């Protein structure tokens, strides 16, 4: 089996060297980039199985690079950054980042998380290959959802693209319709990692999803808050045609 191809994006040469040695020592093939231009050049030359991305790239914003990667390339993003602001984490996850780790870090944790992201990505690839091409659309309160294509068609018949974070959260609700889900349970379903007790990331993601699925996001009726518990999808989706 060919070695997985990983792109390290960081403006600190010492960090790039540390990550390169860690990943190459475990059998991965590594390419380095220090800014948006070198990221574009790397992808013009070859494809990658994963990108590790620093958010603080000197004069450049790593979130802009994340947006570009999400728009132009189907590649998992593992944010390894010195920024520990919860807003940056929320924005990163909303842009489709698959994991987030702050500096300073231990190389063994980086390696473990890289393996986890690649494993989850590989499972998604296998699942997509196994799915028949005629998987049904799901109807839900006037909406239509195509999970294998990450598409949402609104009540006026317009397509709304879902971010990876939106897709994971919506899938969790669809798979547990009418079952109240705690914030911890939702985090486990969409990311499979531990979060701080006061972390409000899931509330921000639910609010973002409500803007796309609710008739009136200020008075949600489809994804309702369950006081003292978390959230619940109030309707059961049914198979339909577009």
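Remarks
- Counting only residues that are free of Cβ contacts under 8 Å to residues at least 40 places away in the same chain and closer than 15 Å to residue 174 by Cβ, the range 147-156 holds 5 of them.
- Residues that are out of contact with any helix residue (DSSP H, G or I) (no Cβ under 6 Å at 6 or more places or on another chain) and in contact (Cβ under 8 Å) with a residue 60 or more places away in the chain, drawn from the range 222-235: 235
- Test: residue in the range 210-218 that is on the phi > 0 side of the Ramachandran plot, loosely packed, with under 12 Cβ neighbours inside 10 Å and modelled with pLDDT of 80 or more: no
- Yes/no for residue 90 being modelled with pLDDT of 85 or more, touching a helix residue (DSSP H, G or I) at 6+ places or on another chain (Cβ under 9 Å) and not in a loop (DSSP other than H, G, I, E, B): no
- Among the residues of the range 116-132, those identified as at pLDDT 80 or above and surrounded by 14 or more Cβ atoms within 10 Å (Cβ to Cβ) are 116, 117, 118.
- One residue alone among 152, 162, 198, 169 is modelled with pLDDT under 85 and closer than 24 Å to residue 74 by Cβ, and that residue is 162.
The values are calculated or read from the model by the stated rules, or taken from the named source; none is laboratory data. All figures in this text were calculated on a predicted structure; none of them were measured in a lab. Please note: Cβ atoms are built from the backbone with ideal geometry, for glycine as well, and neighbour counts cover all protein chains shown.
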